[in-house]
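FYI, it's all coordinate maths here, none of it is from the lab. Here the structure is a predicted model, which is why all the values come from computation and not from measurement. Cβ placement follows ideal geometry from the backbone for every residue including glycine, while neighbour counts extend to all protein chains displayed.
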Amino acid sequence: MINFNDTKIAFEYKSTSNLKQSKFLFKAIASNGMVKTGKALANFALKINFPIGWAIKPTLYQHFVGGETLDDCEHTVRLLNKYNVKSILDYSVEGSTDRTVMKATLRETLDSVVHAAKHPNIPFAVFKPTAFASKELLTRIGDNSDLYEKEKEGKAFFENSVEELCRTASENDIPIMIDAEDSWYQGYLDNLIEKLMIKYNKEKAVVFNTYQMYRTDRLEYIAAQLERAKEKGFTIGAKFVRGAYMEKERERAALKDYPSPIQPDKISTDNNYDAGIKFAVDNLEHFSIFNGSHNEESNLKLAELMAEKNIAKDDNRIWFSQLYGMSDHISFNLAKAGYNVTKYIPYGKVKSIVPYLIRRAEENTSVAGQTTRELALINAEISRRKKEA
Ligand SMILES: Cc1cc2nc3c(=O)[nH]c(=O)nc-3n(C[C@H](O)[C@H](O)[C@H](O)COP(=O)(O)OP(=O)(O)OC[C@H]3O[C@@H](n4cnc5c(N)ncnc54)[C@H](O)[C@@H]3O)c2cc1C
């Protein structure tokens, strides 16, 4: 079927010097020690307001980020579109506690929604809950704590922001995805997002929740949600991911002495992920599916499932997606074969994007084989080009 090892297709959009830069970067990331030291230095520099752009911009930032503004990303959006890969521009500010910053983020995110709606190559808008409420506040809401007046205001600001983003998406006819972060306040978000699905997903999926399949309870949640969707007449917008915060989840569960919400091992997460996707495909009349994964097998399985069920490769209810700067071999080979593919492209100022970059660097060190795989593919393409020259 699809051959993910076709490096010619995978890297057609990259010049040989770009490829060599990527090789250099992934080699650095492969060194666990370097990432740990880099993380500590970056966090320290941020704390004392020391400029770190000079170190990060030509390396991690250039590889994983589209630019500082929507306009900066246009070059990348056009380049990817030449190969039928679409873009999702994600204004990456997270974890802020300052209301002025949150208001500015809201304005920028609203702009990104309208920009996506007008742009033929940007099929989705996206945002992160922690852009509009602090983690502390979301945690207190998740715990059902009695909120102080100021916190009540923060909660109202958060809910109004989320509502305004979804309403704007609906009015502009562009789907919008809400990223998932920590499990301990996701229950509150699930309820909020489902209300928005009921409101805006009457004819098709506009509002998408994110289901982290490393969680043990997600399959059950989705199955129960399907029953509510049938009863209340809404389409479930389902972005599937494995989940990016495993260590933190397990540490908190151990510290607070509750059972870990995370699958016991990788294979259980993999099985749960594929089962979630299969469940949604089996019930496609009630779902729109967004498959956010760098796992070759999961991507292949979805493609095979679509073939088995005679679902057109470009059926608008099924999208594949990888992060910009990772797994081009999956994105570009799927796009070449005719599937709907997007790259998630974060944008924003260096300082605000550091947590995202640290996560990508850590993920590439901790996920067994990921960096090795990127390096092997880059090396294969560099030698293929040498032979061809
Ligand atoms: C387009 C896109 C959007 C994303 N949006 C979000 C988001 O909103 N929220 C979010 O949390 N993440 C998000 N992610 C990241 C995602 O959750 C994963 O961390 C990342 O993609 C790696 O998983 P993978 O499916 O690509 O495959 P793989 O590399 O095969 O899987 C790695 C993942 O498996 C799980 N895992 C690894 N070891 C174990 C273990 N021992 N026990 C149990 N599970 C294990 C972890 O989830 C780990 O991240 C997104 C990813 C993409 C591509």
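Considering only Cα-Cα distances, which of the following residue pairs are longer than 20 Å: 82/278; 202/232; 135/248; 239/278? Table pairs above 20 Å Cα-Cα are 82/278. Highest GNM mean-square fluctuation among 342, 105, 16, for the chain modelled with Cα contacts below 10 Å: 16. By the scheme Lys and Arg +1, Asp and Glu -1, what is the net charge of all other residues having a beta-carbon under 13 Å from that of residue 335? Once all neighbours under 13 Å are counted, the net charge is +1.
Its Cα gyration tensor gives the stretch 67-352 an equivalent ellipsoid. The semi-axes, each the square root of 5 times an eigenvalue, are 27, 24, 19 Å from largest down. Its alpha carbons give the stretch 98-180 an Rg and a Dmax of 13.8, 46 Å. Taking every alpha-carbon pair under 8 Å whose residues sit at least 6 apart, the stretch 67-352 reaches a relative contact order of 20 percent.
Applying the criteria of a DSSP loop state and at most 15 other Cβ atoms within 10 Å to the GluC sites (Glu not before Pro) of the stretch 157-259 yields 203.
Quick one: net charge around residue 233, please, counting Lys, Arg +1 and Asp, Glu -1 for every other residue with C-beta under 11 Å from its C-beta. So the environment of residue 233 carries a net charge of +2.
May I ask for the net charge around residue 92, where only other residues with Cβ less than 12 Å from the Cβ of residue 92 are counted and Lys, Arg are +1 while Asp, Glu are -1? Counting the neighbours of residue 92, the net charge comes to 0.
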